[in-house]
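Every number in this text was worked out from the coordinates using simple rules, so none of it is lab data. Because the structure is predicted, anything quoted here is derived from the model rather than measured. Cβ coordinates were reconstructed from backbone atoms using ideal geometry, including for glycine residues, and neighbour counts include every protein chain displayed.
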C-alpha cells in the first residue's frame, strides 16, 4: 500500500533523515548552559538553538498579549547551530519571542527555554528570578528524606485541593491555597495543608503545573478545568493557578510560596512532567523553530502519537534530551522541586531516563524519579530502547515505575468497572498480592505464573516499584469498590477500602495513593451514585474537587490511613531498599485458604512482624508462631498504639481486614 505524503510531511521526512545522522549531531550539539534569556541588570544575553534557520529575529514586547512591539533585533549565527544577541540594558519584565525563518517561511515562537511567560504562554518574558524568591526561600531546609522506599506519595491536582466550598480556603484553585493554615470544613474539621501535615504523607505529587494549553487564562471567571497533560511551555508555571496570569513574575512567586509552605509542613513536592508529547505538533514552539527535529515521525511524515493525546517527542535526539535534562535541573534549582513523575515514561528512551537520574544525583540525590512504564499507543522507537516497565532492570535503581499488576490485582482491572480483584474476594489473586508485597522483585515464595500480567519479576530493586490502587486516571478506589460490590453493605465496602490501604502501605517499595482515597473520594455522574466518572480530565469542579466535608463523615477511614502511614514510618522492615534483604527477611506462608496472604518480616534492624490480609467475607483462623504478639492493626483500627496483646498459635482474623502483629 502506497503512503500518501503531503509536501509539508515530505519536507519533515527529509529533515528527519538529516537530523538522525551522526554528522548533524556532531556539528550541532550545543552543550552550553546559556540557552534562553540570561538576565543581568546591565544586559540580557539571548541564545536559541535553530540550526536549520536562515534568519532569526528577536522581537521585544511591552506586554505578553498586546500589539505592542518595542523592537526587532536581528540575531547572529553562532556555534553549534545557535543564534545569539545581547541587549545592553535592563530588560527585566520585558516580553519576547523569536521570529525564525526556515525555507523562506517565517514563524514566531516562544523560546523553549523561557523561564517566564505572559498570559496563555504566548510570549516569553525576561525575568530576574532572584527577585521572585519569597523571604527565606534560598535558605530553607527541605524536609528530611533518606531512601526512596520511605516515600508515601499523595497525588493531587492544584485546583481540586481548594475549589470546593467545603475546603474553607480563600485562594480557590490557586497556588496560594497551599499557604493558608487553620482552614476548616463545614463541620470545623481541619482541611488544607494542615490536614496534609497531620495525615503524615512525605510527598505531594502535583498533576501538571507547568504552562499548559487548554485553559484560557484570559477567561478564568468562566468554568474551565483540565488535568494539564497538554504541554505548552515546560519551564514556566501555569498561569491559571496564579492570582494574575498577565504578569509573568506573579505565577513564579506564588509557585515558590506554595513549595515553601509545603516544605515548612514537612512535605516534599513532586512535579508531574509531560516531556513525551506537546499539545501542538506543526505549530508547537519546538517545531516553529526547528521543523521536525524534536519529534518522531510516522512513515508518512505525520507526527507519531504514542501518548494518544499529542505529538510524540524524540528524547533520543541529543538536543531534546538536553532540553529535558536542563528542564528538570531548572525546576530543582529554581523551585526546590523534590521529584518528577514522568507521564507515559515508556515513550522516552532508556538512555535519557538514566541521564535524568544521573544529573539529578549530581544536584540532589534524594530527588524521586518515577513514571508510567507504558505508552498510550505505538511508537517508532524500538521496544528494547524504551523506558518500559519490562525494561526497568536496564534503568538506574533510582528510577521507579507504577505496579499495575498490583493495582489491578487488588481491585480488578481499571478497564472493566465490575471486574473484582483480591479485595473483592476474587480467587487466584494471592500471588499477585505477594508480587506487590515483594515490590515486583525476585522471591521464591511467589508463583510468577499466577501473577497478573507478568510471569517473572520486573524490578531489580524495591526502589523501582510504586505500589498503588488509585490515581487520577480511571475510577476512584471508592467508586471502583462500589461497582464491584453493589450488593454489599456500606460497612463491608468501607472495610474493603481499608484492606486495600493496608496492603499498599505494608508492601515493600514506594507507597502512592490518590488524594481523597482516604475519605472515600467519589466522582458520581448521577444522584443515585450508580454511575461514576472514570476519565475526569476536563470535568467540572463539581466532579473533580475534593469534598472536604466527607473527612468528617468518614473519619474512621482517615484515621486508619493516618495510622497505617505512621506505622509504616516507624518500621524500617517495611521499607527495605535492597531485593536481597527482601529475599532474606520476608517469608510468605504457604498452604492457605483462598483470598488470604500471610507473611513474616524478620529484619535484624526491626521487630519481628506478622501481617495477614483476609479478603474473605467471613473470619478465618490462621496459625502463627507461639509467643506474645502486639496488635497494631485489626478491623477498622490501625496505628502505632498497641490495640491488644495476643498469644501465638491459632489467631482469628476478621472478615475483609488486615491483621498486623509485632513481636
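Counting each DSSP H run of 4 or more residues in the chain as -39500 (n - 2.57), what helix-only mean residue ellipticity at 222 nm follows after dividing by all residues, to the nearest 500 deg cm²/dmol?
-7000 deg cm²/dmol
Once the convex hull of the C-alpha atoms of the range 66-195 is built, how many Å³ does it hold per residue, rounded to a whole number?
243 Å³
Roughly how far apart, in whole Å, are the Cα centres of the range 105-154 and the range 1-76?
Each part reduced to its Cα centre gives a spacing of 22 Å.
For an R0 of 56 angstrom, estimate the FRET efficiency from the Cβ-Cβ distance between residue 447 and residue 54 and round to the nearest 0.05.
Efficiency for this residue pair is about 0.30.
For the range 11-97, what's the radius of gyration and Dmax over Cα atoms, in angstrom?
15.2, 43
What are the equivalent ellipsoid semi-axes of the range 572-645, built from the alpha-carbon gyration tensor (square roots of five times its eigenvalues), in whole angstrom, biggest first?
21, 17, 12
Once label points are set 7 Å from the Cα along Cα→Cβ at both residue 602 and residue 264, what is their separation, rounded to one decimal in nm?
Roughly 4.9 nm, to one decimal.
Take the Cα pairs of the range 537-661, get the Kirkwood Rh, then feed it into Stokes-Einstein at 10 °C and 1.306 mPa s and tell me D in µm²/s.
97 µm²/s
Normalised by the empirical 2.2 N^0.38 Å for globular proteins, what value does the Cα Rg of the range 404-482 take?
So the range 404-482 has a normalised radius of gyration of 1.06.
What full-extension length gain, to one decimal in nm, is calculated for residue 384 and residue 146 as 0.36 nm per residue of separation minus the Cα-Cα distance?
82.5 nm
When the Kirkwood hydrodynamic radius is evaluated over all pairs of different C-alpha atoms of the chain, what value in angstrom, to one decimal, is obtained?
It is 26.1 Å.
Taking the radius of gyration and the Kirkwood hydrodynamic radius from Cα positions alone, what is the Rg/Rh ratio for the range 455-545, to two decimal places?
1.03
Mind pulling the per residue volume of the convex hull built on the Cα atoms of the range 282-321? Å³ is fine.
Dividing the Cα hull volume of the range 282-321 by its residues yields 72 Å³.
Report for the range 153-239 the percent antiparallel among DSSP-assigned beta bridges with both residues inside it, nearest 5.
50 percent
When DSSP assigns beta bridges and you keep just the ones with both residues in the chain, what percent turn out antiparallel, to the nearest 5?
The answer is about 75 percent antiparallel.
When ranked by the protection proxy of mean other Cβ atoms within 10 Å per residue, highest first, what sequence do the peptides 265-276, 175-186 form?
Packing proxy ranking, top to bottom: 265-276, 175-186.
When a/c is below 1.5 the answer is rounded, else prolate if a/b is larger than b/c, else oblate, so apply that to the range 549-611 with a ≥ b ≥ c taken from the square roots of the Cα gyration tensor eigenvalues.
The shape class here is oblate.
When all C-alpha to C-alpha distances in the range 319-418 are sorted into bins of 10 Å, what percent of pairs does each bin hold, rounded to whole numbers?
Pair shares across the bins are 15, 43, 29, 12, 1.
Where a ≥ b ≥ c are the square roots of the eigenvalues of the C-alpha gyration tensor, would you call the range 345-500 rounded, which needs a/c under 1.5, or, failing that, prolate if a/b is larger than b/c, or oblate?
prolate
Over all distinct Cα pairs, what is the inverse of the mean 1/r for the range 211-275, reported as the Kirkwood hydrodynamic radius in Å?
Hydrodynamic radius (Kirkwood, Cα only) of the range 211-275 equals 12.9 Å.
How many angstrom lie between the Cα centre of the range 411-434 and the Cα centre of the range 249-298?
35 Å
How much FRET efficiency would the formula 1/(1 + (r/R0)^6) give for residue 128 and residue 198, where r is the Cβ-Cβ distance and R0 is 25 Å, rounded to 0.05?
Efficiency, rounded to the nearest 0.05: 0.10.
How much space per residue, in cubic angstrom, does the convex hull of the C-alpha atoms of the range 523-569 take up?
Enclosed volume per residue, from the Cα hull, is 122 Å³.
Would you mind computing, in nm to one decimal, how far apart the modelled labels at residue 643 and residue 539 are, each placed 7 Å from Cα along Cα→Cβ?
For the pair residue 643/residue 539, the computed spacing is 3.2 nm.
Which order do the peptides 199-208, 101-110 take when ranked by the mean count of other beta-carbon atoms within 10 Å per residue, highest first?
Highest-to-lowest ranking by the protection proxy: 199-208, 101-110.
Compute the distance in nm between two label points, each set 7 Å from the Cα along the Cα-to-Cβ direction, one at residue 34 and one at residue 364.
In this crude label model, residue 34 to residue 364 measures out at 2.7 nm.
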